[in-house]
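Here, each number is a calculation from the coordinates, and none is a lab measurement. Just so we're clear, the structure is a prediction, and the values are computed from it rather than from any experiment. Please note: Cβ atoms are built from the backbone with ideal geometry, for glycine as well, and neighbour counts cover all protein chains shown.
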């Protein structure tokens, strides 16, 4: 009986250590330009993509979301977009879904830009810019990471090369 | 002339040429650039937009002419700032100073003014949003290595003016205030040369 009790405690401790180590890895080794957020619930995000399909963030629990705010007029956004296109096929959307939110631009503008640099990406259209304003990114571009429980965990400031090993490693660790 | 002398002469000529060329390159690199400041703590640059650039940007996004006309009455100063040292470098536009040639303060044109203008001319919500994102944030706690850029808008100035950017530092603003001054800043017209 005592042995079972001890074994139970050992297993519990093992899992506790495992969970703590996962968190500490993620926080201690955040790649450049990423900041930890306080885990507050993500704001509502219900928008249509360019095919008029509705995306509702509240229905996406159980997976990580890469929520990227951008506009074609913004230089760093333009430079970053091909890198997002490059990582897009690397992740199973059931584990990590890449969600682009275009801020207040017309379909023509978005289509002509993405058609040449990121043809596989179908952004959500924040046509009046109100969703972006509510989310309050620290400028454009900005990427929020929403955890499988719908909580805001990380924010990537500005643009970056997501294909670099440190960023790919970060993304892979999220979905482990 | 013997062979050794010939080679020495060629080597000497080449050395003089390489040395002169490297001096020229070095001089070009070290010449201070206008509207640029950089030290181990902060990088800051001011970009001045010409009316032509502003028209191209806003017309390209189908802003109505009334909006573009209002924008053209002003002077666009676009600071780009990067925190190279501090845990937090505070961007607080209200603590910046803009002084005219007589050291009198120039009031910058703030977001509220533009909001009123856009409502008056019924500018599309999407265009108001785009305009808002091109402005410099009023306040930003810039983390180490973080940068920010955006437009600060002043009434049109016919004479050079001074920009003094004051940045409190530290998470609680307890650190020293970093101050960067640009003198002789000028609103850009289309006929000016870089």
Using 1/(1 + (r/R0)^6) with R0 = 30 angstrom and r between the beta carbons of residue A:88 and residue A:128, what's the FRET efficiency to the nearest 0.05? 0.70
Footprinting proxy, B:92, A:164: sorted fewest to most Cβ within 10 Å, the residues are A:164, B:92
Starting from the Cα coordinates of region B:34-185, work out the convex hull volume and express it per residue in Å³. 118
Going by how many other Cβ atoms sit within 10 Å of their own, how do A:99, A:117 line up, fewest first? A:117, A:99
From the C-alpha gyration tensor of region A:77-165, pull out the three semi-axes of the equivalent ellipsoid (sqrt of 5λ each), sorted largest to smallest, in whole Å. 19, 18, 13
Cα centroid separation - region B:57-131 against region B:146-194, whole Å: 12
Whole angstrom only: what separates the Cα centroid of region A:154-169 from the Cα centroid of region A:39-94? 14
By DSSP, what percent of the beta bridges with both residues in region B:34-185 are antiparallel, rounded to the nearest 5? 95
Give me the one-decimal nm value for the distance between modelled label points at residue A:37 and residue B:162, 7 Å along each residue's Cα-to-Cβ direction. 4.2
Could you tell me the convex hull volume per residue, in Å³, taken over the Cα atoms of region B:83-131? 145
Residues A:50, B:136, sorted so that the one with the fewest Cβ neighbours within 10 Å comes first: A:50, B:136
